[in-house]
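Report on the structure given below.
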Amino acid sequence: DMSQMKRIVAVHAEDLDVVVEAGVTRKELNEHLRDQGLMFPIDPGADASIGGMAATRASGTNAVRYGTMKDNVLALKAVMADGSIIQTSTRARKTSAGYDLTRLLVGSEGTLGIITEVTLKLHGIPEAIAAGVCPFPSIKAACDTAIMTIQTGIPVARIELLDEVMIKGFNLHSKLGLPETPMLFVEFHGTEAWVKEQSERFGEIAADHGGGPFDWATKAEDRTRLWEARHNGYWAGRALRPGADTLATDVCVPISQLADCVEETKRDIEASGLIAPIAGHVGDGNFHTQPLLDLSDPEEVARVQGFIDRLVKRALAMGGTCTGEHGVGQKKIKYLELEHGAGAMAVMRTIKRALDPQNILNPGKIVVM
Ligand SMILES: Cc1cc2nc3c(=O)[nH]c(=O)nc-3n(C[C@H](O)[C@H](O)[C@H](O)COP(=O)(O)OP(=O)(O)OC[C@H]3O[C@@H](n4cnc5c(N)ncnc54)[C@H](O)[C@@H]3O)c2cc1C
């Protein structure tokens, strides 16, 4: 339990990095940094601990611009299974000194060591931020706009796909009053002139795909309302079938495959007779769905599991991954060999055995010993 490890050990504003103990949450960190004009941008929605975010290789809405925890952790301090304490790297921005133990531990879900301290990259708070919503006539038009936006190099900070089912949930939960059609929520960071130019370019691409009007707002309160609704997506999804349970899942595909993967998944949801809103950090080719079900009904559970199984295999067949950010835990262990092959899985097991020979660190997660 890292929840009492709350010290912000050192802010190096001139180097744009910070050293924190693992129990500091991302909101606490950003609160601490704000007065210095700095921010830590990784935003998985939940106010997770920095140690937990490193352990799960979290990302979220801002990853398309700022990367994931993999890109933003410079170094870690960790307690290993034998009780030794290691520091994986320094504050240097790059290094070619030996094996990359930082990246070995980031995303290891607590199976290789317990992270106690994290050195993170920081970013300046942008001078101007513009965010907006853009409706589309179809899910394909919205996906194609996201793909074209990325392919033409427009540096969006966030580009989130919400299908019409998810928008209905937002309207029920957050009273947004949006038309129930597929939407992209987007955000740009930069100078006033820069965000205006990028927003206009995005609006043109959307219009070319039959989307729009692109309604953009630079006022902080309008943006807050929008992203609060997005971050409450889990609860908005559940509002679509009050009292039901949910099995949330995510996959990630190369950006050129996004439209096909989302469209095929929507067809599958319909054919399976499920209510399953789709929301995605689509700038990275990552999307989530949240089938609603009654966990006490074996037939419904089997139907949802069949749907998730097809979703994962569809993403893998398109060159993607079984999870872009939710992680493996226990439920996705069965897909790892399909994704990585037997050889790579043998290497993972060798690493686990070497670092945790007694299998005391989160046994049963990621690799089965
Ligand atoms: C509503 C909601 C929305 C979310 N949306 C997103 C999203 O958009 N993108 C995204 O990437 N993620 C998302 N997440 C997942 C989120 O990123 C993770 O739940 C979070 O980063 C885990 O941090 P935690 O502090 O909650 O860790 P916990 O839930 O406490 O732990 C998570 C795992 O990490 C291990 N762990 C925790 N701390 C350490 C440590 N110090 N050292 C070693 N292992 C450790 C635990 O053993 C456990 O296996 C969402 C979660 C919620 C609840």
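The values are calculated or read from the model by the stated rules, or taken from the named source; none is laboratory data. All figures in this text were calculated on a predicted structure; none of them were measured in a lab. Glycine also receives a Cβ, built like all others from the backbone with ideal geometry; neighbour counts cover every protein chain displayed. For the accessible areas, the whole protein counts, side chains as well, though only heavy atoms, and no ligand, DNA or RNA atoms are used. Shrake-Rupley method; radii C 1.70, N 1.55, O 1.52, S 1.80 Å.
Within the range 1-16, residues that are open to solvent by less than 60 Å² (accessible area, probe 1.4 Å) have Cβ atoms under 9 Å from residues that are away from the ligand (no atom under 15 Å from the Cβ) and part of a loop (DSSP other than H, G, I, E, B) in these pairs: VAL11/LEU122; HIS12/ARG91; HIS12/LEU122; ALA13/GLY37; ALA13/LEU122, counting only partners at least 6 apart in sequence or on another chain. Only helices (runs of 4 or more DSSP H) whose full extent lies in the range 81-182 are considered here, and the ones with at least 1 residues that are farther than 30 Å from GLY203 by Cβ and either within 16 Å of the ligand (Cβ to nearest atom) or open to solvent by 10 Å² or more (accessible area, probe 1.4 Å) (or both) are 101-105.
Residues of the range 19-42 that are open to solvent by less than 60 Å² (accessible area, probe 1.4 Å), within 16 Å of LYS121 (Cβ to Cβ) and in contact with a helix residue (DSSP H, G or I) (Cβ under 7 Å, 6 or more places away or on another chain): VAL20, VAL24, ARG26, LEU29, LEU38, MET39, PHE40, PRO41, ILE42. Name the single residue that is nearest to the ligand (Cβ to nearest atom) among those in the range 56-78 being open to solvent by 20 Å² or more (accessible area, probe 1.4 Å) and in contact with a Gly (Cβ under 9 Å, 6 or more places away or on another chain). Here the answer is THR56.
A Cβ distance below 6 Å, combined with a sequence gap of six or more or placement on separate chains, defines the contacts here; from the range 46-72, residues that are modelled with pLDDT under 95 reach residues that are in a helix (DSSP H, G or I) and surrounded by fewer than 24 Cβ atoms within 10 Å (Cβ to Cβ) in the pairs ASP47/LYS27. Mind listing whichever residues of the range 329-361 are of a type in the set (D, E, K, R) and at pLDDT 95 or above? The answer is LYS332, LYS334, GLU337, GLU339, ARG349, LYS352, ARG353, ASP356.
Here's the yes/no breakdown for (1) in contact with a helix residue (DSSP H, G or I) (Cβ under 6 Å, 6 or more places away or on another chain); (2) within 21 Å of ALA48 (Cβ to Cβ); (3) open to solvent by less than 20 Å² (accessible area, probe 1.4 Å); (4) touching a residue at least 40 places away in the same chain (Cβ under 8 Å):
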{"position": "GLY210", "(1), (2), (3), (4)": "yes, no, no, yes"}
{"position": "ARG241", "(1), (2), (3), (4)": "no, no, no, yes"}
{"position": "ASP250", "(1), (2), (3), (4)": "no, yes, yes, yes"}
{"position": "PRO277", "(1), (2), (3), (4)": "yes, no, yes, yes"}
{"position": "ASP284", "(1), (2), (3), (4)": "yes, yes, no, yes"}
{"position": "GLN290", "(1), (2), (3), (4)": "yes, yes, yes, yes"}
{"position": "GLU299", "(1), (2), (3), (4)": "no, no, no, no"}
{"position": "LYS313", "(1), (2), (3), (4)": "no, no, no, no"}
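At positive phi and either open to solvent by less than 60 Å² (accessible area, probe 1.4 Å) or of a type in the set (Lys, Arg) (or both): is that true of ILE351 in this structure? Answer is no for this residue. For PHE188, are the conditions met, namely being over 21 Å from the mean Cα position of the chain (by Cα), more than 30 Å from GLU270 (Cα to Cα) and not assigned by TED's automatic domain parsing to the domain that holds ASN62? The answer is no for PHE188.
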